[in-house]
1. Mind listing just one residue for me: the one in the stretch B:1-25 that is of a type in the set (Ser, Thr, Tyr) and not in a strand (DSSP E or B) and, of those, nearest to B:LYS52 (Cα to Cα)?
2. Of all residues in the stretch B:79-104, which are within 11 Å of chain A (Cβ to nearest Cβ) and out of contact with any strand residue (DSSP E or B) (no Cβ under 7 Å at 6 or more places or on another chain)?
3. Out of the residues in the stretch B:116-130 that are free of Cβ contacts under 8 Å to residues at least 40 places away in the same chain and touching a Leu at 6+ places or on another chain (Cβ under 9 Å), which is surrounded by the most Cβ atoms within 10 Å (Cβ to Cβ)?
4. Restricting to the stretch B:96-115, give me the number of residues that are buried (at least 18 other Cβ atoms within 10 Å of the Cβ) and of a type outside the set (A, V, I, L, M).
5. Need the failing condition index for B:ILE113 against (1) within 14 Å of chain A (Cβ to nearest Cβ); (2) free of Cβ contacts under 8 Å to residues at least 24 places away in the same chain; (3) within 29 Å of A:LYS38 (Cβ to Cβ), just the number.
6. Determine whether the stretch B:27-34 contains at least one residue that is over 24 Å from B:SER103 (Cβ atoms), touching an Asp or Glu at 6+ places or on another chain (Cβ under 6 Å), crowded, with 20+ Cβ neighbours inside 10 Å and modelled with pLDDT of 95 or more.
7. Can you pull out every residue in the stretch A:30-54 that is over 30 Å from A:ASP15 (Cβ atoms) and within 7 Å of chain B (Cβ to nearest Cβ)?
8. Kindly indicate whether A:SER59 is closer than 30 Å to B:VAL46 by Cβ, free of Cβ contacts under 8 Å to residues at least 40 places away in the same chain and surrounded by 13 or more Cβ atoms within 10 Å (Cβ to Cβ).
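The values are calculated or read from the model by the stated rules, or taken from the named source; none is laboratory data. Just so it is clear, the structure is predicted and the values come from calculations on it, not from any experiment. Ideal geometry is used to build each Cβ from the backbone, glycine not excepted, and the neighbour counts take in all protein chains shown.
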Amino acid sequence: MLVLTRKLGESIAIDDHIKIVVVQIKGKQVRLGIKAPKETKIHREEVYQAIQDQNKEASSASPASLDSLSKDLNDK
Amino acid sequence: MQISTSRFGLIEINETDIIKFNDGILGFENEDKFCIVDPNDQTLIVWLQSVKTPELAFPMIEPQIFKADYQANLLPADLASVQLENQAQAYTYNILTIPADISEMSANLKAPIVVNPNTSLGKQIVLQDNKLEVKFPMYKELKAAILSFKQSDDSVRTSYRPAKATEKADAQTQVRMITLSRPDAV
C-alpha cells in the first residue's frame, strides 16, 4: 500500500480525474473531499461489509424458512 | 445437465440457463455460476442457486412486487458490466434476508442482482444512492402482494415475471427460470 502524508487542504490526485482533498482534521476524524467523474463509485468500506454480511445471512435461508409465511397467508 | 442442490434436490438445467457472475457475489467471490430456481410455491420468491455449491442459494424477489417505486439507477459502467444497452432489458432482483421471525424479513435495495437475460451475465451492483437500505423491511408489503396474486389465477402470476424479456427476444438466447413442479401437486 502506498502511504502519503498530507496536510489540511492538500490533496492527492489519482489518475487524471480523481482528486481527494483533506477538508478537515478534528481529533481522530478526518474529513475528505472527493472529486471524481460521475461514473466512479465511492462508498464507505462499511457499505461493502454490510452487503457481504447480508449476503451471508441471506444464504442461510431455506424454503422451509418460508413456512410461517405460507401459514400466515393461508390463515387469511 | 443436472446439478445437485441442498434445497431442491437434483434439478435439470440447460447450459443456457447458467448465469455467469464474473465478479461473484459480494462475500462469495469464488462463486461465478448461478441459475434462477422458482420453487413454484405461493411466495413469489425465487432462488439464485449456485451451480457448483449445492448448499449455496440466495432467496430473492423482484422489487416491483413489494415496492412499486423502486428504481435501480444503473450507471453506464454498470450496464456495460453485464453488456446491457439499456436498463429496461435487465432483470432486477433484491436478495432477501429471512430471519427466524419471518415478519422481520428484509430486502437489500442497495445492492440488487442485475441479470442480462440475453447475454446470461449477472452482477450484484452496489448502487450509489445512499438512501437505499441494505435491510429494508418489507414483510407486510410482500404478504399483501401475494394475497392479491392469489386472487388471480396462476397463469397471471407466471406471466407476470418473465414477461419483460420473453416478449421481445427468442427463447433460445434467453436465460430460463427453472420452474420446479409444484410440491403440492405430488
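1. Applying the filter and picking the extreme gives B:SER6.
2. B:LEU79, B:ALA80, B:PRO99, B:ALA100, B:ASP101, B:ILE102, B:SER103 - these are the residues of the stretch B:79-104 that are within 11 Å of chain A (Cβ to nearest Cβ) and out of contact with any strand residue (DSSP E or B) (no Cβ under 7 Å at 6 or more places or on another chain).
3. It comes out as B:ASN116.
4. Of the residues in the stretch B:96-115, 5 are buried (at least 18 other Cβ atoms within 10 Å of the Cβ) and of a type outside the set (A, V, I, L, M).
5. (2)
6. Checking the stretch B:27-34: not a single residue is over 24 Å from B:SER103 (Cβ atoms), touching an Asp or Glu at 6+ places or on another chain (Cβ under 6 Å), crowded, with 20+ Cβ neighbours inside 10 Å and modelled with pLDDT of 95 or more.
7. A:GLN54
8. So A:SER59 passes the test.
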